[in-house]
Amino acid sequence: MFGLEKPAGQQKPGRSGGLPKMASVGDFNVLSSSIPATKVELSVSCRNLLDRDTFSKSDPICVLYTQAIGNKEWREFGRTEVIDNTLNPDFVRKFIMDYFFEERENLRFDFYDVDSKSPNLSKHDFLGQMFCTLGEIVGSQGSRLEKSIVGIPGKKCGTVIVTAEELGCCRDSVLMQFCANKLDKKDFFGKSDPFLVFHRSNEDGSFTICHKTEVVKNTLNPVWQAFKISVRALCNGDYDRTIKVEVYDWDRDGSHDFIGEFTTSYRELSRGQSQFNVYEVINPKKKGKKKKYVNSGTVTLLSFLIETEVSFLDYIKGGYWFNFKVNLILASTGNPSQPTSLHYMNPYQLNAYGMALKAVGEIIQDYDSDKMFPALGFGARLPPDGRVSHEFALNGNPQNPYCHGIDGVMEAYYRSLKSVQLYGPTNFAPVINHVARYAASVKDGSQYFVLLIVTDGVISDMAQTKESIVNASKLPMSIIIVGVGPAEFDAMEELDGDVVRISSRGKFAERDIVQFVPFRDYIDRSGNHVLSMARLAKDVLAEIPEQFLSYMRVRGIKPSPAPPPYTPPIHVLQTQI
């Protein structure tokens, strides 16, 4: 089993807590609905490019390539404009990309000196290239990465500066509260049980539901709880788009009685509590049948507060780094020199443990400042006397257990398999408690710990593990469990808490912090291990940014101000049209 500790924390969609409702209308939760990827804009500048022109300076262009998941094919993503006669270009044309924390996006920037109008790059002089990942750019200080340009032996090709900036996409949310007065009575033996349903209009005239309030029982003058909704969900950022609000009387059988409706807009609501935000509730059928019909009551806006949501990138830009730590439990799964062992040291490919560690570690390491990771092992007999150890340095150096990058961790793992004897039992609780001790000491949000456990499914201390998870649910940490091998993972499913929140001694976990996936579900049938690892990383890491944000929001921790943006020196440039 491996443990990776890193900043990240929130409950999975649909599991968040909240104020108790007087009655349930459904499980609709607009804040938990799928949100598109963050879009980032990449700006490229170069310094001291090679001069390939005889009588003038180079006329550079930048070409960006991306690498598809599962193969090594590079595909052209886009090109900047050509800037005439300069070795220090600041390209105006940007690259706009989707950013997913859970995916490793390999990038290649190629530079050419343009000699003609031909789009064929082979017709132009190659100036060098730079390789990186999108995460490496975003995870750099101030989201500004500066690296040397390489590719021409024996030549200094200059440097490239790539800056990432998150594109604004209406990140505001609003906190609103409504009440109603003198609504129609719909229940025979009592008053109404009213609730509100909000819809945003679409360009084709249809409406899309975006929020339901709770039900307030047995009243014609309800006061609903304040609720929070993103402006994107409410009106897609269009302040004048029609918002339709329907009022219903809740019925247990689901056949809710329509009381009436009204329309408004974000712009009108933003006026706040005033005479402009008292709405007559109209039932069109009643209005058409009764000449003296006035309305079916009124709904009043009590409060309207705009909040700007901070993003995961806001924290990264503000200097919140992942403090990456690797823990490994060497479970007793046979002799590593035998193919039957899950730790089998195949000289031609990684074992399942190695693939899981590498898949997650390669992405997380982009967000670590120095790429030096302490790697500890748990559960083995150590040489020379065979003593049992539940905490030892994988690299054999207890004074300095740090490894350089995920490749260094992998090397230490395989080296340890040759020198130690695997020793059970497979206990989860000591590993969780080990990480929890670190997490308990940094509750200020400067670090959030992610523990990755790779296991063959045989857990020996279920009761203690449950208690450890319940205690850890209050701390800035999350746990990912990857099951390898053919074992049944019923116990792992129980720890996940997707259906029932995990509990210990009658005490429930404060939040769901465990994500379980069986590795066999991600194995590519064609034998493409790169694709298997990419799929695994995507699923197990997808929730980390939102989990991280949840922890920060609950504790009111705001991102630190980002460093001043990079301002390139001014050059007088000519641009080819």
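Relative to the dominant Cα principal axis of the chain, helix 429-440 is inclined by about 80°.
Which links in Lys39/Lys117; Lys185/Lys212; Lys182/Lys285; Lys123/Lys155 stretch past 24 Å when you go from one Cα to the other?
Lys39/Lys117
Helix 529-541 and the longest principal axis of the Cα set of the chain meet at an angle near 40°. For Trp74 and Asp385, a Förster radius of 51 Å and the Cβ-Cβ distance give a FRET efficiency of 0.45, rounded to the nearest 0.05. Leaving out ligands, DNA and RNA, what percent of the accessible area of the chain is carbon and sulfur, probe 1.4 Å? The C+S portion of the solvent-accessible surface of the chain is 51 percent.
Residue separation times 0.36 nm, minus the C-alpha to C-alpha distance between Glu493 and Lys285: what's the value? Contour length minus the Cα-Cα distance gives 69.7 nm.
Amide H contacts under 5 Å for Thr242: Ser201, restricted to partners 5 or more places along the chain or on a different chain, H placed in the peptide plane at 1.01 Å from N.
A simple rule links phi to the HN-Hα coupling: the Karplus curve 6.51 cos²θ - 1.76 cosθ + 1.60 with θ = phi - 60°, which for segment 237-246 gives x, 9, 5, 9, 5, 5, 10, 9, 10, 9 Hz, with x for Gly and Pro. Estimated at 0.36 nm per residue, the fully extended path between Asp251 and Val442 surpasses their Cα-Cα distance by 63.9 nm. For segment 399-431, the residues whose backbone nitrogen is under 13 Å from a point 7 Å from the Cα of Val458, taken along Cα to Cβ, are 422-427.
3J(HN,Hα) couplings calculated from phi for segment 449-456 with the Karplus curve 6.51 cos²θ - 1.76 cosθ + 1.60 (θ = phi - 60°) are, in sequence order, 9, 10, 9, 9, 10, 10, 9, 8 Hz; Gly and Pro show x.
Residues whose amide H falls under 5 Å from that of Ala393, counting only those 5 or more places apart or on a different chain, are Gly377, with hydrogens built in the peptide plane. To the nearest ten degrees, helix 405-419 and the longest principal axis of the Cα atoms of the chain are 60 degrees apart. For the chain, the Stokes-Einstein estimate of translational diffusion at 37 °C and a viscosity of 0.692 mPa s comes to 119 µm²/s, using the Kirkwood hydrodynamic radius over alpha-carbon pairs. Here the 3J(HN,Hα) profile of segment 340-357, calculated from phi with Karplus coefficients 6.51, -1.76 and 1.60 at θ = phi - 60°, is 6, 7, 5, 9, 4, 8, 6, x, 10, 7, 6, 7, 4, 4, x, 5, 5, 5 Hz, Gly and Pro shown as x.
Each of Lys156 and Val223 was given a label point 7 Å from its Cα along the Cα-to-Cβ line. The distance between the two points is 7.2 nm. The calculated FRET efficiency for Gln141 paired with Leu167, based on their beta-carbon distance and R0 = 25 Å, is about 0.75.
Taking every protein chain into account, the accessible area of the chain amounts to 48 square angstrom per residue (probe 1.4 Å).
Here the label points at Asn346 and Lys94, each 7 Å from Cα along the C-beta direction, are separated by 4.4 nm in the simple model. Using the Cβ of Asp444 as centre and a radius below 12 Å, the other residues enclosed give a net charge of +3, where K and R count +1 and D and E count -1.
The values are calculated or read from the model by the stated rules, or taken from the named source; none is laboratory data. Nothing here was measured: the structure is a model prediction, and the numbers come from that model. With ideal geometry, Cβ positions are generated from the backbone for all residues, glycine too; neighbour counts draw on all protein chains shown. These accessible areas exclude ligands, DNA and RNA; they are computed on the full protein's heavy atoms, side chains included. Shrake-Rupley method; radii C 1.70, N 1.55, O 1.52, S 1.80 Å.
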